[in-house]
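The values are calculated or read from the model by the stated rules, or taken from the named source; none is laboratory data. Everything quoted here is computed from the prediction, not taken from an experiment. In this analysis, Cβ positions are derived from the backbone assuming ideal geometry, glycine residues included, and neighbour counts consider all displayed protein chains.
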Amino acid sequence: MTRSRYIIRRLIQMIPVVIGITVIIFVMLRAIPGDPADSMLGEKSTNEQRALMRKKLGLDEPIYVQYSYFVRDLFTFDLGDSLKYRQPVNDIIWDRLKVSLTVVGVTAFFLIVITVPLGILAALKKNSIIDNAVRAVLTVTMVMPTFYSGILLIIIFSIKLDLLPVSGYGDSPLDHLKHVILPSLTLALVTAPYLIRILRASILDALNSDYVTTARSKGLEERRVISLHVLRNALIPTVTLFGITIGGLMGGTVITEKVFALPGAGALLIESVQFRDYPTVQAATFIFAIMVITINLIVDIVYSFLDPRVVLS
Amino acid sequence: MAADVADAGALASTAVVRTRRNQLLKQLANKNLIIGGTILLILILIALLAPWLTPYDPLEVDPQSALQSPGLDHPFGTDNFGRDVLTRVIHGARIDLRAGLIAVISPFIIGVLIGTIAGFYGGWADTIAMRAVDIVQAFPGLVLLIFLVSVLGPGLNNMYIAVAMFAWIVYARLIRSTIFVEKNKEYVTAAKSIGGSDWRIIGKHVFPNAVIPCLVFAATDVALYIGLLAGLSYLGLGERPPAPEWGAMVAAGQPFMVTAWWISALPGAAIVVTGIALSLIGDGLGDVLRMDDR
C-alpha cells in the first residue's frame, strides 16, 4: 500500500467518527428536559423567537430531518446565537480559540524543552541519582491536578518573585506571551512525565538492541551511536505520544484557563455550561472534538513518515 | 514403584505450589506496592474514622476564628468561614476516595462487557464496538465530561453517569486485545473441541485470564477519577460548597492565596498524596504482573 492510499484510508475512517460525534451532541441536547427551542433560546425568549427557532430546528418534522438540519448548521458554521453574549457564537468562539491555541503552542515548546534533555539524561544515567531524582519529581508533578500546580506556580512566580502576571491575557502580543507562560508551564508539568517515561524507556530499549551492539562493535564513537542510532529510533514512540498529548491538551486547557482567568475557548465552555448557553456549549464541544481528531490524523500521517512499516501493514 | 512415582509427583507438586507462593510473596513485597499500599490504607482509615479524629465540625461556621494561620489549635489553619481546614481535609477523604471508587465501577463493567464480546466474537460485533471507541475517543475527556454534566446537570451522581459514558473505552480496548491473544491459545481450542459452549469458554477460561490487567488498570484509574471529580468541583460543576470536597476547597481558597495560602494548598496536597499512593500501587502491580508473565 502506498502512503497516499494509507492517508486516504485514514481520511475515510474519519467519516463515521465525525458522524458519531454529531449524533452524540444531537442526542444529548435533545435529552435536555423540555423543548429544544426553549433550551436553545433560554428563558428570556419571546414567543415569535421560539416559533422561528422551532421552524429552524424543524421540530415538527421527523427526527432524522431535524438531525440533517443540525448537521447542515454545524458544517456551514451557522452555530446560532449565544444566549449569554447575545451575539452569534461564530463571533465569539474564534478569538477564544486563538487564546487556547497560543497556550497549547507554548506548552508544546515547554514540553520539548523539558522532555528531550531529561529523558536522555535519565536513560543514559540509568539508576543514578539524576535518574531517580527525575523520576521522583515526575511522580509528583504527574499526579498534581493542574488547578493545584497552577496556583502553586502563581504563588511562586507571580506573588513571591513578582516575575509574571497573576492572571488574564494582557493587551499586546508580547503581553499575551507573558500571560500564557505560567498556564503553559502548568500544562507541561502534568504531561511531561508521560513523555519522559516513554522516551527513557525507548532509549533503554534501543541501547539493548542488536543494531546498537553492531554499531558499537564496528568501532563507532559512543556519541555517534547515541545520536545516529539510539535517538533516531527512540524518538518515534515519543513523537507519537507527543502528538496525542497535544490533542489531549485541547481539553486540558479548560481547567488551566479557569485558574489563570484566561479568556480561552475552554473558559468559554465553562461559562456557557454555567449559563446553560446551549448553542455555545454545542459549538465549543463540536470544535474541540474536530480539532482532536484532526490532530490525531496529523499524528498518524507524520508517524507513517517516521515509521514506514505502518503503511505496509 | 507406582507409589514412588506418585510420591515424587506429589512432592514435585507441593514444591511447585510452595515456590509459587514464595514467588507471589516476593512479588507483593515490591517496594512501590508497599509504600503506596501503606499510604492508601492510612487514607482509608482516616476517611473511615473522620468524625472521631478531630474535635471540629467540617461545616460549622465560626466567624471569630476566621483565617487563622496554622498553629496548635488548628494545625492546617482555618478558612474564611472559620472552619478548621484539617477537619475539612479529613472529611474530604470520605467524599473523594468514595467518589473515585464508585466512579470506576460502571465504566469497568460496561467496558469489560463490550470488550469481551468484541474480542471473543470479532467480526461485526468488533467493528461496531471499535467504531464506538473511536467516536468517544475523539472528544477530549474533560470536554465530553463537561458537556455531559451540562446536559445532565451538576452533581456527583451525574458525574458518575458522565464518566461511565466515556471511560469504558479504556477497559473495552484492553480486554479486547488480551482476549484476542487468549482465545487463540491451545486451552481454548481444547475447550472448544470437547464441545464447550461460547459462554462457558469465556466465563471459565478466557475471561479470568483477561480481566486481571483491567483490574490493575482500574486501581490506577481511581486516581484519575478523583482528579476529575476534584477538577469538576473546582470548576463548580461537581460537588458544591460547603461540602468539604478537596477540589472545591482549592477553588474556594484561591482568592485568599496571597494572605491565607493554607486554605487552598493543604486540600490540594491531599489530592497529590492520594494520587502518589495510587500511582505507586499501579506501578507495583504492573511490576508484579510482568514478573508473572515470565
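Miscellaneous remarks
- Considering the conditions (1) buried (at least 23 other Cβ atoms within 10 Å of the Cβ); (2) more than 8 Å from chain A (Cβ to nearest Cβ); (3) small (G, A, S); (4) over 19 Å from the mean Cα position of the chain (by Cα), B:S264 is excluded by exactly one of them, (2).
- Filter result for B:L224 (aliphatic (A, V, I, L, M), surrounded by fewer than 22 Cβ atoms within 10 Å (Cβ to Cβ) and within 14 Å of chain A (Cβ to nearest Cβ)): yes
- Within the range A:1-53, the set of residues being touching a residue at least 24 places away in the same chain (Cβ under 8 Å), at negative phi and small (G, A, S) comprises A:S39 only.
- Test: B:P255 is assigned to a helix (DSSP H, G or I) and within 22 Å of the chain's Cα centre (by Cα): no
- Residue in the range B:61-75 that is at pLDDT 80 or above and in a helix (DSSP H, G or I) present: yes
- Scanning the range B:153-165 for residues that are modelled with pLDDT under 85 and either of a type in the set (G, A, S) or part of a helix (DSSP H, G or I) (or both) yields B:G153, B:G155.
- A:V106 more than 14 Å from chain B (Cβ to nearest Cβ), more than 30 Å from B:M130 (Cα to Cα), in contact (Cβ under 8 Å) with a residue 12 or more places away in the chain and touching a Phe, Trp or Tyr at 6+ places or on another chain (Cβ under 8 Å): no
- Pick from the range A:247-304, criterion surrounded by fewer than 22 Cβ atoms within 10 Å (Cβ to Cβ) and polar (S, T, N, Q), ranking: modelled with the highest pLDDT: A:T294
- Sole residue being part of a helix (DSSP H, G or I), of a type in the set (A, V, I, L, M), more than 14 Å from the chain's Cα centre (by Cα) and facing chain B (nearest Cβ under 10 Å), chosen from A:I270, A:I255, A:I301: A:I270
- For the range B:267-278, a tally of residues being within 7 Å of another protein chain (Cβ to nearest Cβ) and polar (S, T, N, Q) returns 0.
- Restricting the range B:229-252 to residues that are outside any helix (DSSP H, G or I) and within 8 Å of chain A (Cβ to nearest Cβ), the residue that is surrounded by the fewest Cβ atoms within 10 Å (Cβ to Cβ): B:G236
- For the range B:144-160, the set of residues classified as surrounded by 24 or more Cβ atoms within 10 Å (Cβ to Cβ) and facing another protein chain (nearest Cβ under 7 Å) consists of B:I146, B:F147, B:S150, listed by residue number.
- Within the range A:41-60, being modelled with pLDDT of 80 or more and loosely packed, with under 14 Cβ neighbours inside 10 Å holds for A:T46, A:N47, A:E48, A:A51.
- Residues of the range A:2-23 satisfying the condition of being closer than 27 Å to A:R72 by Cβ and touching a helix residue (DSSP H, G or I) at 6+ places or on another chain (Cβ under 9 Å): A:R10, A:L11, A:Q13, A:M14, A:P16, A:V17, A:V18, A:I19, A:G20, A:I21, A:T22, A:V23
- For first residues located in the range B:34-54 and touching a residue at least 60 places away in the same chain (Cβ under 8 Å), partners that are polar (S, T, N, Q) and lie 6+ apart or on another chain with Cβ distances below 9 Å form the pairs B:G36/B:S279; B:I39/B:T274; B:L40/B:T274; B:L43/B:T274.
- Some residue of the range B:279-292 being within 30 Å of B:L148 (Cβ to Cβ), within 14 Å of chain A (Cβ to nearest Cβ), part of a helix (DSSP H, G or I) and at pLDDT 85 or above: yes
- So B:I90, is it closer than 30 Å to B:I42 by Cα and part of a helix (DSSP H, G or I): yes
- Breaking point among (1) farther than 24 Å from A:A265 by Cα; (2) away from chain A (no Cβ under 12 Å), for B:V133: (2)
- Of the helices (runs of 4 or more DSSP H) entirely within the range A:21-109, those holding at least 1 residues that are under 29 Å from the mean Cα position of the chain (by Cα) and among the hydroxyl-bearing types (S, T, Y) occupy A:36-41, A:63-75.
- Test result for A:A283, more than 10 Å from chain B (Cβ to nearest Cβ), without any contact (Cβ under 8 Å) to a residue 24 or more places away in the chain and in a helix (DSSP H, G or I): no
- B:A125 being within 18 Å of B:L228 (Cβ to Cβ), surrounded by fewer than 20 Cβ atoms within 10 Å (Cβ to Cβ) and more than 7 Å from every other protein chain (Cβ to nearest Cβ): no
- Residue match in the range B:102-112 (condition: part of a helix (DSSP H, G or I), within 14 Å of another protein chain (Cβ to nearest Cβ) and either within 24 Å of B:T178 (Cα to Cα) or not aromatic (F, W, Y) (or both)): no
- Qualifying residue in the range A:226-244 (condition: hydrophobic (A, V, I, L, M, F, W, C), assigned to a helix (DSSP H, G or I), touching a residue at least 40 places away in the same chain (Cβ under 8 Å) and under 30 Å from A:I92 (Cα atoms)): yes
- Qualifying residue in the range B:200-213 (condition: touching a Leu at 6+ places or on another chain (Cβ under 9 Å), under 25 Å from B:G282 (Cβ atoms) and buried (at least 20 other Cβ atoms within 10 Å of the Cβ)): yes
Yes/no per residue for (1) in contact with a strand residue (DSSP E or B) (Cβ under 6 Å, 6 or more places away or on another chain); (2) more than 30 Å from B:A172 (Cα to Cα); (3) not hydroxyl-bearing (S, T, Y):
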{"position": "B:I202", "(1), (2), (3)": "no, no, yes"}
{"position": "B:T220", "(1), (2), (3)": "no, no, no"}
{"position": "B:E239", "(1), (2), (3)": "no, no, yes"}
{"position": "B:A243", "(1), (2), (3)": "no, yes, yes"}
{"position": "B:A252", "(1), (2), (3)": "no, yes, yes"}
{"position": "B:A260", "(1), (2), (3)": "no, yes, yes"}
{"position": "B:V273", "(1), (2), (3)": "no, no, yes"}
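- Positions within the range B:123-162 being among the hydrophobic types (A, V, I, L, M, F, W, C), in contact with a Phe, Trp or Tyr (Cβ under 8 Å, 6 or more places away or on another chain) and more than 22 Å from B:L113 (Cβ to Cβ), in sequence order: B:V143, B:F147
- Scanning the range B:195-216 turns up no residue that is within 11 Å of chain A (Cβ to nearest Cβ), outside any helix (DSSP H, G or I), more than 22 Å from the chain's Cα centre (by Cα) and at pLDDT below 85.
- Within the set A:T139, A:T191, A:T186, the sole residue that is surrounded by fewer than 22 Cβ atoms within 10 Å (Cβ to Cβ), touching a residue at least 40 places away in the same chain (Cβ under 8 Å) and either in a helix (DSSP H, G or I) or within 14 Å of another protein chain (Cβ to nearest Cβ) (or both) turns out to be A:T139.
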